[in-house]
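Right, one structure below, let's go through it.
The values are calculated or read from the model by the stated rules, or taken from the named source; none is laboratory data. The model shown is predicted, which means the values in this text are computed figures rather than measured ones. Glycine also receives a Cβ, built like all others from the backbone with ideal geometry; neighbour counts cover every protein chain displayed. To get the accessible areas, we keep the full protein, side chains included, count just its heavy atoms, and leave off ligands, DNA and RNA. Shrake-Rupley method; radii C 1.70, N 1.55, O 1.52, S 1.80 Å.
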Amino acid sequence: MYLVLLGPPGAGKGTQAKRLAEKLALPHISTGDILRQNVKDGTELGKQAKGIMEKGLLVPDELVASMLDRRFNEPDIKKGFILDGYPRNLAQARTLDEVLKRKNIGVDLVVYLDTSDPVVVKRLTGRLVCSKCGANFHTVNMPPKAKGVCDNCQGALYQRSDDNEGTVLKRLQVYKNEVASLIDYYKQAGKLRTLNADLDAQVVLEQIIALTV
Ligand code: AMP
């Protein structure tokens, strides 16, 4: 199953992708996570991406495409994937189709996690991420058992530098400029399913799983 999760920042793509990856035994590929790892490691790509990400803008398509191409060369994607954070515009959707076609595979399903703005802002400005395993928590909706510590692996929790209100609003605007053409593209391909992702994460997860069977 080659599954793409679409939706605004804060729709829960990362949370759902992690759970789905576990449930369906598929790799979770997040372009945001790969970029953040590059920033952390101080790679050339990371250096180019850092400032752009902090402003809430999109990293240039060709940089993300070659990064993803490298990831797709790993053998685990033969089983399928849960793709989170890509594509983010029509050009990226076309690139994705081309890259996969060369490997004789293609996107099976695109789940659009439709989410309202106030929910997004609340989720992101309260989000806490584990520096070790990447698990997400929330200061109000899903606080960790011990302050600042991951329930799963005891890693330190941190707030992403782009999860402040100003950058969140910018990311939402960037997202809205591009999403309509993406939705049209996948609707025309007959691959799009839309879910209300303002609902509880567990409810949304069950609805996504129902779409994959
Ligand atoms: P995310 O973790 O998906 O919210 O992504 C965090 C940031 O990484 C975004 O605000 C962008 O700056 C960058 N990014 C992630 N995925 C992409 C992509 N497909 N194209 C361009 N930039 C991206």
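Can you name every residue in segment 1-22 that is part of a helix (DSSP H, G or I) and either within 10 Å of the ligand (Cβ to nearest atom) or among the small types (Gly, Ala, Ser) (or both)? If the condition is that a residue be part of a helix (DSSP H, G or I) and either within 10 Å of the ligand (Cβ to nearest atom) or among the small types (Gly, Ala, Ser) (or both), then LYS13, GLY14, ALA17, ALA21 are the ones that fit. When ALA25 is tested against (1) more than 14 Å from the ligand (Cβ to nearest atom); (2) of a type in the set (A, V, I, L, M); (3) open to solvent by less than 10 Å² (accessible area, probe 1.4 Å), just one condition goes unmet, and that condition is (3).
When ASP76 is tested against (1) open to solvent by 70 Å² or more (accessible area, probe 1.4 Å); (2) within 23 Å of GLU98 (Cβ to Cβ); (3) acidic (Asp, Glu), exactly one condition is not met: (1). A single member of LEU35, LEU57 is open to solvent by 60 Å² or more (accessible area, probe 1.4 Å), near the ligand (Cβ under 10 Å from one of its atoms) and either of a type outside the set (D, E, K, R) or touching a Leu at 6+ places or on another chain (Cβ under 7 Å) (or both), and it is LEU57.
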